[in-house]
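K.L.:
This is the structure, below, for whatever I ask next.
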Amino acid sequence: MLKGIVGVILAIIGAFAIGGIALHRNEPINALWLVTAGVCVYVIGYRFYAAWITARVLTVDATRATPAERLNDGRDFVPTHRWIVFGHHFAAIAGPGPLVGPTLAAQFGYLPGTLWILFGSVLGGCVQDMTILFMSTRRDGRSLGQMARDELGPFGGFAALGGTLMIMIILIAVLALVVVNAMKGSPWATFSVFATIPIALAIGLYVRNVRPGRVLEASIIGMVLLLLGVAGGGWIDQSAPLRGLFDYTGPQLAAFVIAYGWLAAIIPVWLLLAPRGYLSTFLKLGVIALLAISIIVIHPELKMPALTRFTAGNGPIFAGKVFPFVFITIACGAVSGFHALISSGTTPKLIGSEADVRLVGYGSMALESFVAIMAVIAATLLDPGVYFAINTGAGVVGADAHTAVATISSWGFPVTAEQMQQLAHRMGERTLFARTGGAPSLAVGMASIFSSTFGNTLLAAWYHFALMFEAVFILTTIDAGTRVGRFMLQDFLGHFWKPLGRTSWYPSVLLTSALIVAGWGYFLYVGVIDPNGGINILWPLFGIANQMLAAIALSVATGILIKSGKLKYAWVTGGPLAWLAIVTTVAAWQKIMSPDPALGFFAGAADLAGKLASGVLPAARAAVAPKLIFNQQLDGWLTILFTVIVWLVIADMLRVALRAARGLPTLASSEAPHVARLPVVGGSGS
Amino acid sequence: MRAAATGVAAVWRACWRALRALSGDDAYDRYRMHHLAAHPQQPPLSRKAFYVDEQRRKWGTINRCC
């Protein structure tokens, strides 16, 4: 009864807040509206929709022993308190994605991104994460690829595996591009990011040799060192001879990141990756908490309009209309296919009771979605003119400040060269023009929020702290992703020649790591030399790939639901699947077929080829044009490949579902048999 | 007064335990407890060997996302 009343009150507040967000026009709206709408939507989704799904659709059974209880080995399978699992799972799923995507999508205004983040998560992303977590828990913690193979057939399994590897390569490339663009021409940022490497190494040695396993104290020491690194960067920036040592161009930084990625993948994990993982988790949770508190304390007004003229297409940050591209640009934060890989495999082995999947699966994703809402706030509290000046590539608005501000002002977002110069000076940067990738504009937004909360000084330090924070966990993703990609490749190549599959054989390690690094390094390099900033091409490709993985995960979930006789509830995962299939296909169609050179990959390649042939390109751009032409064509073919894979997996799922619905035999369910929980948790290891 | 102090101490201990569990600081203690219960005759790994092995296991699979 009380639960019902609370629900109704929350629904009214939530509806009021969403209505307020949607109807406020031509006057600035306060960030608290977004926060209120978010909290209400998540709480209602969690208390009612998620509870209904766990009770009726998944029929969660708290009396059933989980794999953690049955297979408890004290290490991999360990029944763990649900709030601790929640923390682990959230730390694993929340990367830089929910910060970057919403920042870029703010070119449409704050409204489209906000609505998609709220409704996409409670109806799609949270449901996907929870359902896959539950299904993997019922299957001894099997991975998404294994579940696809066991339940749908070899094709589904192969598609899930291949899709994972491809998305990983594109994901690493786009994140590396974000970090390179953040460091480009900024000695302060470059020093504080570079400093994270020896700090991680030192912490790695400390926690292995000096005080083995004392992770907490090592992390605290590391945090202090990271902050000193940011301060040291400021000092270096002031010193004329030293700043030259850390002042690099995009291609130089890309070469550095590529070499770093390869080295990080071949040295032992305890030396670099593990300590970096600890530091990034600490930073991440701390910054998110700090950001949430600060936004509530200063509750800034959002200066970006609800909708901009770019909803009709021709946006400067990425091309395409609001439908379907807002749904592609914001993947993490609304629906992220990658989460299905964490929800299967790692987290289910910690689940202590099936009843915990709602908190861990649905709850963690709701929190990640809230992080995405905070990124929307950080992007839209900036003057729109400033936002566009930072995020638009020089190829779009012109390379010199006066042309750029004139172009941006002509869009209806007034900004002056002096304003940009002053802002750059306050942030301790030489320039903030054309700092594409989302990280610098997010850092400006975060620095403004933090400095207004904690006193209006140290703006430049906050800015570089925010950049370092983003870089630390982007580098963690690069290290971890390259390593996992290497394992997957070794597993695959081992089928052709056994020694290549041995993860301890050093020549194979060197070779497969180099292949993975070459894969993402290629996309990174082309992104860096692209005068439009590269993000406009790479981010949509990443979005399509991530949504493709979500479509595969939701296909597996829908197939399992139908096979287990729950056809009438298949819409719970089938609905989000249909939506993602439509969005991804329409976006892919436009990226492939559009005659607009800014939007279509092949049209873009043809346009550039025409310009190159007629000799209208300046020498510098003509030199890189052949690479850009090839890259656009490659991206076009990759998009075709992704779309074909998605539809083949959906067709495979429908085939299985049809057979199941008609009572024909299908692959047997791979669900582990029911074992009742022991009255006492833990204890016996057998 | 004394009751309040014990209350604060209990909360502090709970927070500390949660922080250790969240960060993985208590992994070795948990391993030792499990080992003692499950395989009392075999010698356990040293703290250092356990840590290195544990990192290899943790980072050998996808455990970070975008």
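Bear in mind these aren't lab numbers, they're just calculated from the coordinates by the rules spelled out. Remember, it's a predicted structure, so these values are computed and weren't measured experimentally. Every residue, glycine as well, gets a Cβ built from its backbone with ideal geometry; the counts of neighbours run over all protein chains shown.
K.L.:
Calculate the FRET efficiency for residue A:292 and residue B:11 from the Cβ-Cβ distance with a Förster distance of 22 Å, rounded to the nearest 0.05.
P.N.:
0.50
K.L.:
Among A:444, A:487, A:638, pick out the residue whose Cα is farthest towards the positive end of the charge dipole of chain A, where Lys and Arg carry +1 and Asp and Glu carry -1 on C-beta, about the Cα centre.
P.N.:
A:487
K.L.:
If you don't mind, there's one more thing I want to ask. How much length, in nm to one decimal, is gained on full extension between residue A:201 and residue A:675, taken as 0.36 nm per residue of separation minus their Cα-Cα distance? Working shown, then result.
P.N.:
On the way: separation 474, 0.36 × 474 = 170.64 nm, distance 4.50 nm.
Roughly 166.1 nm would be gained on extension.
K.L.:
Further, regarding this structure: Could you please report the charge total around residue A:675, scoring K, R as +1 and D, E as -1 over all other residues with beta-carbon less than 15 angstrom from its beta-carbon?
P.N.:
0
K.L.:
Please state, as a whole number in µm²/s, the translational diffusion coefficient that the Stokes-Einstein equation yields for the range A:510-593 at 4 °C and 1.567 mPa s, with Rh defined as the Kirkwood radius across alpha carbon pairs.
P.N.:
85 µm²/s
K.L.:
If you don't mind, another one. When Cβ neighbours within 10 Å are restricted to other protein chains, what is their mean count per residue of peptide A:481-491?
P.N.:
Per residue, the number of nearby Cβ atoms from other chains is 2 on average.
K.L.:
Same structure, new question: Given a Förster radius of 22 Å and the C-beta distance between residue A:613 and residue A:589 as r, what FRET efficiency does 1/(1 + (r/R0)^6) yield to the nearest 0.05?
P.N.:
On the way: r = 28 Å, r/R0 = 1.26.
For residue A:613 and residue A:589, the calculated efficiency is 0.20.
K.L.:
Turning to a different aspect of this structure: Extension gain residue A:242-residue A:651, at 0.36 nm per residue separation less the Cα-Cα distance, in nm?
P.N.:
Values: separation 409, 0.36 × 409 = 147.24 nm, distance 5.96 nm.
So the chain would gain 141.3 nm between residue A:242 and residue A:651.
K.L.:
Under the rule a/c < 1.5 gives rounded, and otherwise a/b versus b/c splits prolate from oblate, where does the protein assembly as shown land using the Cα gyration tensor?
P.N.:
Working: a/c = 1.35, a/b = 1.25, b/c = 1.08.
Here the protein assembly as shown falls in the rounded category.
K.L.:
Please list, ordered by chain and number, the residues whose modelled amide H lies under 5 Å from the amide H of residue A:30; skip anything fewer than 5 residues away on the same chain.
P.N.:
Amide H neighbours of residue A:30: A:302.
K.L.:
What is the distance in Å between the Cα centres of the range A:14-46 and the range B:1-36?
P.N.:
Comparing the Cα centres of the range A:14-46 and the range B:1-36, I get a distance of 39 Å.
K.L.:
Shielding by partners for A:470-478, please: the mean number of other protein chain Cβ atoms within 10 Å of each residue's Cβ.
P.N.:
Average neighbour count from other chains, rounded to a whole number: 1.
K.L.:
Taking the Cα centre of the protein assembly as shown as origin, sum charge times position over the Cβ atoms of Lys and Arg (+1) and Asp and Glu (-1), and report the length of that vector in debye to the nearest 20.
P.N.:
Here the protein assembly as shown has a charge dipole of around 1640 debye.
K.L.:
Give the Cα extents of the range A:222-364 along the principal axes, in whole Å, largest first.
P.N.:
55, 49, 37
K.L.:
Would you calculate the separation in nanometres between label points at residue A:627 and residue A:458, each defined as 7 Å from the Cα along the Cα-to-beta-carbon direction?
P.N.:
4.0 nm
K.L.:
Would you tell me the mean number of C-beta atoms belonging to other protein chains that fall within 10 Å of each C-beta in B:16-24, as a whole number?
P.N.:
Taking all residues of B:16-24 together, the mean is 6.
K.L.:
Mean Kyte-Doolittle of at least 1.6 plus a Cα span of 18 Å or more along the axis: flag which DSSP H helices in chain A meet both, please.
P.N.:
A:2-23, A:31-44, A:154-183, A:187-205, A:273-298, A:364-380
K.L.:
Sticking with this structure for a sec: Could you tell me which residue out of A:87, A:462, A:625 lies farthest along the dipole of the protein assembly as shown toward its positive end? Charges go on the beta carbon: Lys and Arg +1, Asp and Glu -1, centred on the Cα centre.
P.N.:
A:87
K.L.:
Expressed in nm to one decimal, what extension gain is obtained for the pair residue A:515 and residue A:419 from 0.36 nm per residue of sequence separation less their Cα-Cα distance? Can you show the working numbers first?
P.N.:
Details: separation 96, 0.36 × 96 = 34.56 nm, distance 4.51 nm.
Stretched out fully, the residue A:515 to residue A:419 stretch lengthens by 30.1 nm.
K.L.:
Where does the longest stretch of chain A lie that holds no chymotrypsin sites (Phe, Trp or Tyr not before Pro) found in a DSSP loop with 16 or fewer other Cβ atoms within 10 Å?
P.N.:
On the way: sites that count: A:454, A:496, A:497, A:505.
Segment A:1-453 is the longest.
K.L.:
Still on this structure: Within chain A, which is the longest segment containing none of the trypsin sites (Lys or Arg not before Pro) that sit in a DSSP loop and have at most 12 other Cβ atoms within 10 Å? List each step's numbers first, then the result.
P.N.:
Working: sites that count: A:25, A:662.
With a cap of 12 other Cβ atoms within 10 Å, the longest stretch comes to A:26-661.
K.L.:
Which of the three applies to the range A:281-376, rounded, prolate or oblate, going by the alpha-carbon gyration tensor with a ≥ b ≥ c and a/c under 1.5 meaning rounded?
P.N.:
Cα axes put the range A:281-376 in the oblate bin.
K.L.:
Assuming R0 = 45 Å, what is the FRET efficiency of residue A:73 and residue A:220, from their Cβ-Cβ distance, to the nearest 0.05?
P.N.:
Efficiency for this residue pair is about 0.90.
K.L.:
Hey, another quick one. Extent of the range A:124-186 along each principal axis, from alpha carbon coordinates, in Å, largest to smallest?
P.N.:
Principal axes ranked by extent give 51, 25, 21 Å for the Cα atoms.
K.L.:
On to the next question. Whole Å is fine, so just give me how far the alpha carbon centre of the range A:362-394 lies from that of the range A:299-317.
P.N.:
First find each Cα centre; the distance between them is then 11 Å.
K.L.:
If you don't mind, there's one more thing I want to ask. Any chance you could tell me what percent of the C-alpha pair distances in the range A:534-663 go past 22 Å?
P.N.:
Of all Cα-Cα pairs in the range A:534-663, 48 percent lie more than 22 Å apart.
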